[in-house]
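The values are calculated or read from the model by the stated rules, or taken from the named source; none is laboratory data. Keep in mind that this is a model prediction, so the values were computed, not measured. Here the Cβ positions follow ideal geometry from the backbone for every residue, glycine too, while neighbour counts run over all protein chains shown.
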Amino acid sequence: MNALNAPSAAKPFTRIVNVPSALPWDQMRAARLEAHHTSPVTAASSGLAPTIVVRRLSPWRPGQGGRFVAIYLKGQEAAEGLSFTIEVQGRPVSIVVPSRRKQAEQLRQQATVTGLILLTLVCLSGQVALTLKRRAAAEAELARLEQVVERTARQISTGATAQANARTLEEIGVRGRKAADVLAALQTVTTAKNPHARIDSFLWEGGDWALEVKGDAAPLNEGSVSMQKADRPVRRDTWLWVSYGAGQ
């Protein structure tokens with residue numbers, strides 16, 4: 001392995017590193033680990049930490065192992081930077097090693113870029129968290145408004161029912177009277193009903209009540225409440241039976 005166009009001070013040591021089949025970046029990582037683990041150049045022997053450059057010799061192919069060359073440079077040789085070409089197994093391999101100062105500058109730049117990326121991610125995370133918080137608050141407010149609307153709708157419905165009931169009571173003459181009077185009359189009709197009679201409706205008028213009955217049978221059992229049958233039917237085969245004052 002001869003150095004071509006290499007500075008006279010540069011005397012690199014090379015070795016071939018073979019790694020098993022894997023993804024290209026995994027192969028490169030394995031080759032670097034192997035090159036550092038088996039480095040023949042140490043800081044004790046060179047005075048400075050050695051520089052190790054790893055280059056791929058064969059193109060990556062799926063299902064095939066990777067072939068790399070590890071190039072070892074002593075610390076003092078790479079301190080000011082190197083650029084040369086060496087021949088490895090009949091193939092020229094270009095090597096560029098930046099100076100220690102340039103490497104440090106590159107590391108600072110990478111650290112700055114990494115810091116900016118992290119800061120951006122933190123800001124984005126904060127914005128996402130704030131957006132999620134606002135969304136949760138909006139959903140909670142929407143749920144509260146939906147409950148208010150449902151409660152208001154129930155109140156309106158209840159009020160409309162009450163108004164309708166009031167109109168119905170007004171129409172039959174019960175409004176302003178005690179509910180117990182109406183219930184007492186209904187209880188009388190229920191307990192004294194003639195099983196052979198067909199009562200179609202219950203009517204209330206100013207304390208007096210009446211029954212619309214289908215057919216000729218008396219609506220209540222004999223002896224329970226005195227009722228009078230109208231002279232004419234209100235409809236075909238339907239008669240009105242009146243009990244004056246019985247509901248008072």
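Of all residue pairs spaced 6 or more apart or on separate chains, none has beta-carbon atoms under 6 Å together with a first member in segment 219-240 that is without any contact (Cβ under 8 Å) to a residue 24 or more places away in the chain and a second member that is of a type in the set (Asp, Glu) and not in a loop (DSSP other than H, G, I, E, B).
State whether the residues of segment 27-45 include one that is modelled with pLDDT under 85, crowded, with 17+ Cβ neighbours inside 10 Å, among the small types (Gly, Ala, Ser) and not in a helix (DSSP H, G or I). No, segment 27-45 has no match at all. Within the set GLY126, GLY159, the sole residue that is of a type outside the set (D, E, K, R), over 30 Å from TRP204 (Cβ atoms), assigned to a helix (DSSP H, G or I) and at pLDDT below 80 turns out to be GLY126.
A count restricted to segment 202-218 and to residues that are modelled with pLDDT of 85 or more and in a strand (DSSP E or B) stands at 5.
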